[in-house]
Structures are given as structure tokens and as C-alpha cells.
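The values are calculated or read from the model by the stated rules, or taken from the named source; none is laboratory data. Treat the numbers as computed from the prediction; the structure is a model and nothing was measured. Note that we place each Cβ from the backbone using ideal geometry, even for glycine, and neighbour counts take in every protein chain shown. What goes into the accessible areas is simple: the full protein's heavy atoms, side chains included, and nothing from ligands, DNA or RNA. Shrake-Rupley method; radii C 1.70, N 1.55, O 1.52, S 1.80 Å.
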Amino acid sequence: MRLSLLPIKPTFFDSVSPNADLYGPFWIATTVVFILFVTGNLAKSVTAYETGTPFEPDFTQMTVAASVVYAYTFGFSLLLWLLLRYYRFPLSFLEITCLYGYSLTIFIPISVRP
């Protein structure tokens, strides 16, 4: 994850190229979904407390966040792989998904809303 935050150095691709995985991209996307759900409901609970209304957690936020984040993670990497395949770029779908999925690491601190 640390190497994905340094886009200038090519060491990230060199380090994951021999054994690309989907473990990191899946858990990074899951962490982003969880943080979006928790911070969104936390903001609503604080608002409900301040106004004196009862708070009910909104689980539709989690389904929407999961749909958007997983489609963005795996759907975009599929489109990118198809585009690069057209131009005969020598990367497999697994390598592109690994590379793109780890690049979503920056969304973990960004998804914490004030």
C-alpha cells in the first residue's frame, strides 16, 4: 500500500508483477465502503442527536457505496484491460486489477468525511 502512494517510482509495479493478487484491491475497496458507511451514519447520528430526533441507521448507503466502489474498482480495471488489450499492451487482467486496486489506497483517508 505504501508503494502505491508513490506514483513516480516504478517500484510498485516491479514488486507486484511476479505475483499479482486480488487480496489487496478487494480489502482496500471493502475498507473504503465500510468507512463511507460508518462516517455517513455517524454524521446522521450527530445531526439526529442535536435535533432531538430518533436515529435509524441507513443501510442503503452501504449498498450504494459497495456498488459504486466495486464497480469503480473492478469494472474500470476491466475496461482499462480491454483498452490496453486492443493496443496490445502486455499486461494481464489480474496485473491491471492489482495495480489499479492498490492505487485506491488514497481513498481510505479521503473517505473520512468531516
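How many residues does the range 72-90 hold that are in a loop (DSSP other than H, G, I, E, B) and touching a helix residue (DSSP H, G or I) at 6+ places or on another chain (Cβ under 6 Å)?
Number satisfying all stated conditions: 0.
Which pairs turn up if I take residues in the range 92-112 that are under 19 Å from F37 (Cβ atoms) and open to solvent by less than 40 Å² (accessible area, probe 1.4 Å) and look for partners that are part of a helix (DSSP H, G or I) and of a type in the set (S, T, Y) with beta carbon separation below 9 Å, at least 6 apart in sequence or on another chain?
What qualifies is L104/S4; L104/Y72; L104/T73; T105/S4; I108/T31; S111/T31; S111/T39.
Given (1) within 16 Å of F34 (Cβ to Cβ); (2) touching a Gly at 6+ places or on another chain (Cβ under 8 Å), where does M62 come up short, assuming only one miss?
Just one mismatch for M62, condition (2).
Applying the selection to the range 72-86, what residues are over 17 Å from L22 (Cβ atoms) and open to solvent by less than 60 Å² (accessible area, probe 1.4 Å)?
Of everything in the range 72-86, just one residue is over 17 Å from L22 (Cβ atoms) and open to solvent by less than 60 Å² (accessible area, probe 1.4 Å), namely L84.
Would it be correct to say that V112 is among the β-branched types (V, I, T) and at pLDDT 90 or above?
no
Scan the range 51-68 for residues that are of a type outside the set (G, A, S) and in a helix (DSSP H, G or I) and jot them down.
Within the range 51-68, T51, T60, Q61, M62, T63, V64, V68 meet the criteria.
I need a count of the residues in the range 18-71 that are open to solvent by 60 Å² or more (accessible area, probe 1.4 Å) and touching a residue at least 60 places away in the same chain (Cβ under 8 Å).
So the answer is 2.
Residues to consider are Y49, Y23; find the one that is modelled with pLDDT of 85 or more and touching a Phe, Trp or Tyr at 6+ places or on another chain (Cβ under 8 Å).
Y49
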